[in-house]
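Throughout, read-outs are computed from the coordinates displayed, never taken from laboratory work. What you see is a predicted model, and the numbers here were worked out from it, not measured in a lab. Neighbour counts run over all protein chains shown; Cβ positions are idealised from the backbone, glycine included.
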Amino acid sequence: MKYFILACLLFSAQAALADDFSARATTARARAGNTEGAKYDITLWPILNQAAAVCDPPGTVLPDTELGHFNLVGDITADGKMINIEVRPETNMAKCYAAQMAKAHFLHPPLVGGPTYPVLLDMKVTN
């Protein structure tokens with residue numbers, strides 16, 4: 001199975017997302033738009049690769065209902081935990097990534113303007 005991570009903190013909002021989810025995504029995109037945020041986002045890739053190994057192991061063929069695009073928003077705390085995780089749409093694959101992000105340990109984020117670092121993961125899963 002192939003998976004493509006379109007981008008961490010990608011720059012596309014979808015009208016179908018709920019208002020709070022969209023607002024959180026917008027905040028995350030803005031934080032990722034500065035130099036410090038862009039540097040921090042690079043540190044997310046190994047964690048996403050670990051999540052992919054669990055949620056989408058090599059050689060698996062997923063049903064069509066699990067393929068496609070989903071967004072994950074969350075907040076990384078000063079001690080490296082992701083909290084307030086939400087996914088849209090709520091597919092099993094998206095929920096698996098959310099569970100992996102909740103277990104992961106992240107590097108200390110740039111906490112400018114708030115107690116947490118907002119994250120938007122824009123993901124696409126394909127066979």
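Numerical summary
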| read-out | value |
| --- | --- |
| Most mobile of 41, 20, 79 in a GNM of the chain (Cα contacts under 10 Å) | 20 |
| Net lengthening on full extension, residue 78/residue 50 (0.36 nm per residue, minus Cα-Cα) | 8.0 nm |
| For the chain, built as a Gaussian network whose Cα springs stay under 10 Å, the top-fluctuating residue of 28, 99, 52 | 99 |
| Using θ = phi - 60° and Karplus 6.51 cos²θ - 1.76 cosθ + 1.60, couplings along region 105-120 (whole Hz; Gly, Pro as x) | 10, 9, 5, 4, x, x, 9, 9, x, x, x, 9, 10, x, 10, 10 |
| GluC sites (Glu not before Pro) restricted to DSSP loop in region 31-127 with at most 12 other C-beta within 10 Å | 90 |
